[in-house]
Amino acid sequence: MRAQSPRPCCGFCPLSEQAGSLRWSDEKGGAFEVRVLGVDPGLTRCGVGVVDGAPGRPLRMAGVGVVRTPAEAEIGQRLLLIEQGLELWLDEHKPDLVAVERVFAQHNVRTVMGTAQASAVAMLCATRRGIPVTLHTPSEVKAAVTGSGRADKAQVTAMVTRLLRLDAPPKPADAADALALAICHIWRGSAAGKIAAALANANTPRPTVRQEYRR
């Protein structure tokens, strides 16, 4: 059953009426849940997965897929397509938080550059909407989902399928990795604490771009 709108509490708590994006679940006594959009960045395939849940409670997949771009297109056009695709996901699912895989050094510099650029687009899309963004390393995600930071993709996919009670493993692997990122973000640390901090700073003025002109 899809989680319902959150129930107001004391009015002073961060989980009160102002937390309009939080979801109340009536399953097993009721609890506030968060919706996390995980992004596995990549130029050719950018995995996207949306998960609803809370630490210690059952998780539910709200959506999964990939944003694809043609390899023969110019880099600027490909990044624009990724932005447009991610914006559609943000519009449809309205996540509370966004989790992006942290780019780590690889031997293939061209590949890591493309991944970093796609990662920056994802962070930009979320930040522009005021959605908190957190980066997780691949080993953090593997450890959170499987219990081992050295798990392979097959093990991660199997655990994601099991944790989300899916009928079949999500494909391609980029989509499964995106769901794993969302699960990791819900389970590692206090997701509720991060939301509370974000809500507490909701009225803090955002930095503006300074422009200087010379004649």
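Details
To keep it simple, each residue is scored yes or no on (1) under 18 Å from residue 173 (Cα atoms); (2) among the charged types (D, E, K, R); (3) touching a Ser or Thr at 6+ places or on another chain (Cβ under 8 Å).
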position: 126; (1), (2), (3): no, no, no
position: 140; (1), (2), (3): yes, yes, no
position: 157; (1), (2), (3): yes, no, no
position: 160; (1), (2), (3): yes, no, no
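Table: residues versus (1) basic (Lys, Arg); (2) closer than 17 Å to residue 133 by Cβ; (3) in contact with a helix residue (DSSP H, G or I) (Cβ under 8 Å, 6 or more places away or on another chain).
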{"site": "33", "(1), (2), (3)": "no, no, no"}
{"site": "62", "(1), (2), (3)": "no, no, yes"}
{"site": "65", "(1), (2), (3)": "no, no, yes"}
{"site": "69", "(1), (2), (3)": "no, no, yes"}
{"site": "77", "(1), (2), (3)": "no, no, no"}
{"site": "81", "(1), (2), (3)": "no, no, no"}
{"site": "86", "(1), (2), (3)": "no, yes, yes"}
{"site": "90", "(1), (2), (3)": "no, yes, yes"}
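So that you can scan it fast, the table gives a plain yes or no per residue for (1) buried (at least 17 other Cβ atoms within 10 Å of the Cβ); (2) at positive phi; (3) among the hydrophobic types (A, V, I, L, M, F, W, C); (4) in a helix (DSSP H, G or I):
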site: 72; (1), (2), (3), (4): no, no, no, no
site: 85; (1), (2), (3), (4): yes, no, no, yes
site: 89; (1), (2), (3), (4): yes, no, yes, yes
site: 110; (1), (2), (3), (4): no, no, no, yes
site: 114; (1), (2), (3), (4): yes, no, no, yes
site: 122; (1), (2), (3), (4): yes, no, yes, yes
site: 139; (1), (2), (3), (4): no, no, no, yes
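- Counting only helices (runs of 4 or more DSSP H) that sit wholly inside region 152-215, those with at least 2 residues that are surrounded by 22 or more Cβ atoms within 10 Å (Cβ to Cβ) and at pLDDT 95 or above are 153-163, 173-187.
- Tally, over region 131-144, of residues that are free of Cβ contacts under 8 Å to residues at least 40 places away in the same chain and not basic (Lys, Arg): 6
- Residue match in region 72-87 (condition: at pLDDT below 95 and touching a strand residue (DSSP E or B) at 6+ places or on another chain (Cβ under 7 Å)): no
- Residue list for region 27-54, restricted to those being farther than 14 Å from residue 99 by Cβ, within 16 Å of the chain's Cα centre (by Cα) and in a loop (DSSP other than H, G, I, E, B): 42, 54
- Pick from region 146-182, criterion aliphatic (A, V, I, L, M) and more than 24 Å from residue 112 (Cα to Cα), ranking: farthest from the chain's Cα centre (by Cα): 168
The values are calculated or read from the model by the stated rules, or taken from the named source; none is laboratory data. Since this is a predicted model, take the numbers as computed values, not measurements. Glycine also receives a Cβ, built like all others from the backbone with ideal geometry; neighbour counts cover every protein chain displayed.
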